[in-house]
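What follows is a single structure, written as structure tokens, with notes after it.
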Amino acid sequence: MESTQTARSAPSATTGVRAGVAGARRVELPVSGLTCHNCVQAVERALRAVPGVRTATVNLAGGRAAVEYDPEKTGLPALREAVKAAGYRVWTATTRFAIRGITCASCVTKIEKALLGTPGVLKASVSVGTEEADVEYLPSVADFGAVKAAVGSAGYEMAESPPPASPEAADREAEAREAEYRSLMRKWWFGAAVGVFTMIMSYPWLFPVLRDWFPRESQRLWYVWAGMGVGSLAVILFSGNHFFMGAWQGLRHRSANMHTLIALGTGVAWVYSTIALLFPQIFPSREFADVYYDVTVVVIALVDLGLAMELRAKGRTSEAIKKLIGLQAKTARVLRDGKEVDIPVEEVLVGDTVVVRPGEKIPVDGEIVDGSSAVDESMVTGESLPVEKGVGDEVIGATINKTGAFKFRATKVGKDTALASIIRMVQDAQGSKVPVQRIVDVVSGYFTPSVAILAILGFMVWYTFGPPPAVVFALIVAVTTLIIACPCALGMATPMSLTTGVGLGALNGILIRGGEALQTAQNLQTIILDKTGTITHGKPVLTDVVASGGFDEETLLRLAGGVEKSSEHPLAAAIVEGAKGRGLALPDAEGFNAIPGHGIEARVEGRALLLGNLKFMRDRKIPLDGLDARALELADGGKTPMFVAIDGKPAGIVAVADTVKEDSKGAIQALKGMGIEVVMITGDNERTARAIARQVGIERVLAEVLPQDKAFNVQKLQLEGKQVAMVGDGINDAPALAQADVGFAIGTGTDVAIAASDITLIKGSLRGVVLAIQVSRATMRNVYQNLVGAFIYNVLGLPIALGVLYPFFGILLSPLLAAIAMSFSSVTVITNANRLKRWKPRAA
Amino acid sequence: MTWDKIVVDVVGLGLIGFIVWFFWLVKAKGVKAALTSGGYQEQMVLVKGGYTPDVIVVEAGKPVRLNFVRQESASCSEMVVFPGFGKSASLPEGETVPVEFLPKEPGEYEFACQMGMFRGKVIVE
């Protein structure tokens, strides 16, 4: 040690090379699975056996092996192999990133060499095809920065691919929206200013003073109109250029959209007015030679204003996703070389130990290794009460640590965290389509050209059969028709509601995979609930202690707990937990003997204790003194009773059961209240199943169903002609979830992206099913309101614009009113969708 | 009926005929996606008043990567949705956004902006 220390600081006198470079190198390897003193020795032996290793000491508590080795003779891969051969594993982090500009195979070797030359990097492989590198490294030795530097040293650059949901990206989007909004408002103000002047001067004979200054057909008015012609051209170029550009771009793709209609309408009005101004002689009567520059200017201005308002409202629609993105922590405090360092959250690696103090945000997902605390998970799961967490428990990134300090090992970072998965799922779902949208898609494909055809037909009919001045009426009708039609309202109706609805779900701990699930969920007729883990906690707990034969409950439980401490049976854990929960100190047992299918026997505090089922008691000829009747009663209640005998005499019963979640009953009542049939499915025996079903108020029970038959049972119910939902965990019940019309997965901790499910409930409660159905109903109602509104608007608006009312009531719509109506209709659709955000979960 | 009315009606009918032919009767020819060394069938798609190209021909069974570049600020085209593949992507202005999917069955798959104003088609052969 000493010699290498000095050698490292001074160059060697003989070679001039710092001996330390070639001398000993020291690393700390994080080793997993170290539980006992034996393992420590095994790992140390294995490491020391590697040629080139000088010293190796394993720290059991820290789970680390400190190794000093000669880098000339051995390397990290060999050390890792040695640990692996001893039966343990070195914790490593793997990362994948894109590299810009890889063009040839030789670059690959160059980059790989640079990466492998970095201390701490174990494996590196670069692919030309995907231009990506996979690197495995020791987070305790190298960090992401070092890996990046290595790529840089080879003359390449790591392609910055910021996570798709970074707050920065959201900010950029908001900025772009803001810029677009400001530009639209500028266009509106310019159009409005010109518009007011144009509107007045188009009809000077309506105003007392102007009437005398600018009489009709006067040369003076002609000049004013000519000025208006130039002014409106400026409005077209400045305020309306996007309509004309959009229309032109669309035409090149043989598609027509809102831009086409607006451009056509305003363009036709401008061209007509200009012809009337320059060549009045081609019109038979003077009446025809009036100008309509006001239509061009005011329509462009109003539609700009409408678009600006629309943009504002749209920004609010995606607030939910922004809220989720904003939840991400910015920095994390991790242990590196035994020191606490603050690093940006993007640099936290799998396997890092992260330190969290009270009141701080937990940066990434992980497992607590030291300490305990209460954690507020409401932002991710919707659960309002803080959750107690201890060693071994999972913590979710972006949740808030309330009371205690703890350390945890990061298990999921970057785009793999629960929050990132949630954001990705929500974004995908918001971009999906509700099935009803398909009709809209078909309609909107024909909509715009049809409106153009209608406008031409309107022009022809009015010109041919209309009252004089026919060309003026025909022109107004055609322009109004083009302007009033609003494909936007139709197009936005469902996406806007869907975006809001999915976001609403996410904020309440409900992840909806897409529009299809949302639409189906509103019409469910039957919901099948898996018993274990869905209705119940899925974990047996001690429920009853019945003492007899002169023992009190406490003694009975203490002795039983002492014996069960040595057992690995899941029911035993329930008894031990139950005893500890009552504050009992459990004695140690000796002579432990488990008899499979019967029970266990052991000596504890000098007494012979038997614990097991009825058969066990009969075999050992223990008189039961009426305890068997009590046991039957407990079994009828869905519990598992176990008899206890002490020194050959009956001492009582301890019963464990998988208990019903607190809110299951209320949720099931609420589902029934919605008119949905509730069915329970379980692999348990009929008696236990019935007992649980009675507690929560379920009548129809499918018991003793093998896991692989669950999907088949779902199908059977579907054959009854019903829309069936299945609620279960995402792993064992995956086939049944996939078979169901809507599969609800009850989430567990950080595993939110459950593939088989249509809807994932992050908070493991049945209340989520009720909420999800409520959200889907509210959203679909909103979708229909929007669709019906947009259809009615167009179905009524178009005939009125065409002048259907004129022969009967003399009503003809002005193009200006049409512009207002059109803008108003699309703003209404978005506003209605935003109204959905005020939806609150109803108490069940 | 005077001569001017006849002219207007004939021109009007002509325009209607043109609209029908222009928007509905002409079939656009597709562009075949190029195969890259990575095994992807890649194609750049420009988003500006529509998708260019808007008909993309790919082969079944090979992964497809469409690189969308949006060069306009109209909010209509902010998002591109592939309902047939369950994919969607938001397209920030000026950035290249890849959308990847694996076409298994031959057929025609539409893609569109969220409001359905812009449309395109992937033809899987």
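Residues in segment A:405-425 that are out of contact with any strand residue (DSSP E or B) (no Cβ under 7 Å at 6 or more places or on another chain) and either within 14 Å of another protein chain (Cβ to nearest Cβ) or of a type outside the set (A, V, I, L, M, F, W, C) (or both): A:Gly414, A:Lys415, A:Asp416, A:Ser421, A:Ile423, A:Arg424. Just to be sure, is A:Ser183 surrounded by fewer than 13 Cβ atoms within 10 Å (Cβ to Cβ) and among the small types (Gly, Ala, Ser)? The answer is no for A:Ser183. Of all residues in segment A:603-640 being free of Cβ contacts under 8 Å to residues at least 40 places away in the same chain and open to solvent by less than 40 Å² (accessible area, probe 1.4 Å), which is nearest to A:Gln695 (Cα to Cα)? Ranking the qualifying residues of segment A:603-640, first place goes to A:Ala631. Output yes when any residue across segment A:347-363 is part of a strand (DSSP E or B) and crowded, with 23+ Cβ neighbours inside 10 Å, and no when none is. Yes: segment A:347-363 contains one or more residues that are part of a strand (DSSP E or B) and crowded, with 23+ Cβ neighbours inside 10 Å.
Within segment A:497-511, which residues are in a helix (DSSP H, G or I) and open to solvent by 10 Å² or more (accessible area, probe 1.4 Å)?
Keep residues of segment A:497-511 that are in a helix (DSSP H, G or I), which gives A:497-507.
Of everything in segment A:497-511, those that are in a helix (DSSP H, G or I) and open to solvent by 10 Å² or more (accessible area, probe 1.4 Å) turn out to be A:Thr499, A:Leu504, A:Leu507.
Please specify each residue of segment A:95-116 satisfying the condition of being touching a helix residue (DSSP H, G or I) at 6+ places or on another chain (Cβ under 8 Å), closer than 22 Å to A:Gly351 by Cα, modelled with pLDDT of 75 or more and open to solvent by 20 Å² or more (accessible area, probe 1.4 Å). Correct list: empty. Scanning segment B:64-91 for residues that are more than 18 Å from A:Ala493 (Cβ to Cβ), facing chain A (nearest Cβ under 10 Å) and of a type outside the set (S, T, N, Q), we see that the one that is surrounded by the most Cβ atoms within 10 Å (Cβ to Cβ) is B:Val80.
Among the residues of segment A:641-661, those identified as in contact with a Ser or Thr (Cβ under 7 Å, 6 or more places away or on another chain) and either open to solvent by 40 Å² or more (accessible area, probe 1.4 Å) or of a type in the set (Val, Ile, Thr) (or both) are A:Val656, A:Thr659, A:Val660.
Would you say A:Val541 is open to solvent by 10 Å² or more (accessible area, probe 1.4 Å), aliphatic (A, V, I, L, M), closer than 30 Å to A:Ala740 by Cβ and more than 13 Å from chain B (Cβ to nearest Cβ)? Spelling it out, A:Val541 is indeed open to solvent by 10 Å² or more (accessible area, probe 1.4 Å), aliphatic (A, V, I, L, M), closer than 30 Å to A:Ala740 by Cβ and more than 13 Å from chain B (Cβ to nearest Cβ). Can you find even one residue in segment B:11-30 that is loosely packed, with under 12 Cβ neighbours inside 10 Å, in contact with an Asp or Glu (Cβ under 9 Å, 6 or more places away or on another chain) and either more than 10 Å from chain A (Cβ to nearest Cβ) or closer than 16 Å to B:Ala112 by Cα (or both)? Within segment B:11-30, not a single residue is loosely packed, with under 12 Cβ neighbours inside 10 Å, in contact with an Asp or Glu (Cβ under 9 Å, 6 or more places away or on another chain) and either more than 10 Å from chain A (Cβ to nearest Cβ) or closer than 16 Å to B:Ala112 by Cα (or both). Look at A:Lys665 and say whether it is under 13 Å from A:Arg767 (Cα atoms), touching a strand residue (DSSP E or B) at 6+ places or on another chain (Cβ under 9 Å) and in a helix (DSSP H, G or I). Spelling it out, it is not the case that A:Lys665 is under 13 Å from A:Arg767 (Cα atoms), touching a strand residue (DSSP E or B) at 6+ places or on another chain (Cβ under 9 Å) and in a helix (DSSP H, G or I). In segment A:467-476, the count of residues that are within 10 Å of chain B (Cβ to nearest Cβ), in contact with a Gly (Cβ under 7 Å, 6 or more places away or on another chain) and surrounded by 20 or more Cβ atoms within 10 Å (Cβ to Cβ) is one or more. The residue of segment A:711-742 that is most open to solvent (accessible area, probe 1.4 Å), among those that are touching a strand residue (DSSP E or B) at 6+ places or on another chain (Cβ under 6 Å) and part of a helix (DSSP H, G or I), is A:Gln718.
Filtered by the rule that a residue be touching a Ser or Thr at 6+ places or on another chain (Cβ under 8 Å) and either of a type outside the set (Gly, Ala, Ser) or at pLDDT 90 or above (or both), segment A:503-519 gives A:Leu504, A:Ile510, A:Leu511, A:Ile512, A:Arg513, A:Glu516, A:Leu518, A:Gln519. Of all positions in segment A:544-552, none carries a residue that is more than 14 Å from every other protein chain (Cβ to nearest Cβ) and part of a helix (DSSP H, G or I).
Of all residues in segment A:436-458, which are modelled with pLDDT of 80 or more, farther than 10 Å from A:Gly491 by Cβ and not aliphatic (A, V, I, L, M)? Those that are modelled with pLDDT of 80 or more, farther than 10 Å from A:Gly491 by Cβ and not aliphatic (A, V, I, L, M): A:Tyr446, A:Thr448, A:Pro449, A:Ser450, A:Gly458.
Taking the residues in segment A:325-346 that are in a helix (DSSP H, G or I) and closer than 19 Å to A:Glu175 by Cβ as candidates, determine which candidate is least open to solvent (accessible area, probe 1.4 Å).
A:Ile325
Considered as a group, the residues in segment B:1-10 that are open to solvent by 60 Å² or more (accessible area, probe 1.4 Å) and over 28 Å from A:Ala247 (Cα atoms) include one that is nearest to the other protein chains (Cβ to nearest Cβ), and that residue is B:Met1. Here A:Val297, A:Val291 are screened, and the one residue that is in a helix (DSSP H, G or I), touching a residue at least 12 places away in the same chain (Cβ under 8 Å), open to solvent by less than 50 Å² (accessible area, probe 1.4 Å) and more than 11 Å from chain B (Cβ to nearest Cβ) is A:Val297.
One residue stands out in segment B:31-61 among those that are more than 13 Å from every other protein chain (Cβ to nearest Cβ) and in a loop (DSSP other than H, G, I, E, B): the one that is nearest to A:Arg254 (Cα to Cα), namely B:Ala33. Sub-9 Å Cβ pairs linking a first residue in segment A:246-259 that is under 14 Å from B:Pro53 (Cα atoms) and more than 7 Å from chain B (Cβ to nearest Cβ) to a second residue that is open to solvent by 10 Å² or more (accessible area, probe 1.4 Å) and of a type in the set (A, V, I, L, M, F, W, C), at least 6 apart or interchain, are A:Leu251/B:Phe22, ordered by first then second residue.
The values are calculated or read from the model by the stated rules, or taken from the named source; none is laboratory data. Not measured: the values here are computed from a predicted model. With ideal geometry, Cβ positions are generated from the backbone for all residues, glycine too; neighbour counts draw on all protein chains shown. These accessible areas exclude ligands, DNA and RNA; they are computed on the full protein's heavy atoms, side chains included. Shrake-Rupley method; radii C 1.70, N 1.55, O 1.52, S 1.80 Å.
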